[in-house]
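Below you'll find the structure, written out as structure tokens, and then a few comments.
The values are calculated or read from the model by the stated rules, or taken from the named source; none is laboratory data. None of these values were measured; they are calculated from a predicted model. Quick reminder, even Gly has a Cβ in these numbers, built from the backbone with ideal geometry, and neighbours come from all protein chains shown.
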Amino acid sequence: MKRIIIQILESFRAATTAISSNLFRALLSLLSISIGVFSIICALTIVDSLKHSITTRLSTSFGSRTLYVTRMPWVFDSETPWWEFIRRPNIKYREYTRLENSLNEAEAISIIAGRDNVNAKKGNNSSKSRLTGISYQYNQITELDIAEGRYFTEFECHNGTNVAIIGSKIYDDLFPQGLSENNNRIKVRGLYYTVIGVIKKKGKDLLDFGYEPDTEIYLPYKSFIKIFPSSFMSPNIMAKAKESDEGELLLESEIEGLMRTIRGFKPSQQNNFSINRPDALNNALEPVFTALTMTGWIISIFSILIGAIGIVNIMFVSVLERTQIIGIQKSLGAKNYFILFQFLFESIILSLLGGGLGLLLVLLVVLFPQEAMALVLTNRNILIGLTLSLVVGVVAGIVPAIRASQMNPIAAMRKN
């Protein structure tokens, strides 16, 4: 056994010597493998990072363990006619208050409504904003990272006080000199609001889809409906489940029962409201992620095939060049597996070097500074890249290695 191990190690040493003596040829043979591994691992890294970013954004924007009571479902049921959804009544503020007073399984609950492209003014300065009305417990569901000032008080939310929390872009546009007690009011749709807080800058994100978080202006919901009456909109109700409620099943069941009671439904009647989960959006996007991954594999497989063919050709050339050496080795008693491992190791090393170079290129892409989306090269994707390179090396080298190991030593030594 010890002798076999020593011979295998000698085969490995012979393979590395052969590669080092033909560096330029080795470099050419591994480039295609590098491109193939780079393509597929880059595609997998982008898809994984996109999924992680969406999950994080949903958790940040929608809140973890959070359910949403809405008029329309976020993902439409193909079995239900579209006009059934159109005829649904709006969510009412009184329904929110009934839920707030009756829910036992909710850790926090809030009503929320918003309008885009609302002009906020301060003197001669103006800024386009997204106006959002919320109730007191909103920051217990989705944290507002306030850099300056404070959050709403329960009194302000209950009484609809004209106070506002603004995003960093609104702050920069309207308050270039900073906030002060004498300089803290903005005008929105003819009403004046006192700015009590500024949200920490978030910056642009690939997943914002044209919406800038830093343009947000938060108002107490009762203050918001002074500008946009509730009769002309359908707000949403968001409720956060307790940690002990696994899968939010208890909260979902309680909300459904209470909403049916509030709306006076009979047991046979269908719901005319929807209870949505943020993870439903993830599930809806899963086919997109799958398509992107498959596209990456299809594109990459051609580069990998070209690289594998290149390694096969190089290995056949290497066998031809070293035919006499093979004959001498076999005449001195070298076993077939000793010859086979020489060429198989050479093919595997070439392929692994190509895969390593491809992974290095992916790492450079990941480390390149950019704000669109954080890219992360996971251990899983590194393992996929190295495994793929190993498999290509074995497949590409096995036939030339077998042919070399089965050579007749006398015929091999006679080759010129």
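Details
- Among the residues of the range 232-247, the ones that are in a helix (DSSP H, G or I), of a type outside the set (D, E, K, R) and at negative phi come to 1 in all.
- Any hit, the range 248-264, residues being outside any helix (DSSP H, G or I), under 23 Å from residue 93 (Cβ atoms), at pLDDT 90 or above and polar (S, T, N, Q): no
- Of all residues assigned to the range 98-115, none qualifies as being in a strand (DSSP E or B) and surrounded by fewer than 15 Cβ atoms within 10 Å (Cβ to Cβ).
- Meets criteria (in the same structural domain as residue 384 (by TED's automatic domain parsing) and either among the acidic types (Asp, Glu) or within 24 Å of residue 388 (Cα to Cα) (or both)) for residue 302: yes
Conditions (1) aliphatic (A, V, I, L, M); (2) without any contact (Cβ under 8 Å) to a residue 40 or more places away in the chain, marked per residue:
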{"site": "308", "(1), (2)": "yes, no"}
{"site": "354", "(1), (2)": "no, no"}
{"site": "364", "(1), (2)": "yes, yes"}
{"site": "375", "(1), (2)": "yes, no"}
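- Residue under evaluation residue 233, criteria (1) crowded, with 19+ Cβ neighbours inside 10 Å; (2) at pLDDT below 95, criterion not met: (1)
- In the range 212-230, the qualifying residues are those that are at pLDDT below 90 and not in a helix (DSSP H, G or I), and the one that is farthest from the chain's Cα centre (by Cα) is 229.
- Any hit, the range 148-165, residues being modelled with pLDDT of 90 or more, within 30 Å of residue 50 (Cβ to Cβ) and among the hydroxyl-bearing types (Ser, Thr, Tyr): no
- Scanning the range 332-382 for residues that are under 24 Å from the mean Cα position of the chain (by Cα) and among the aromatic types (Phe, Trp, Tyr) gives a single hit, 368.
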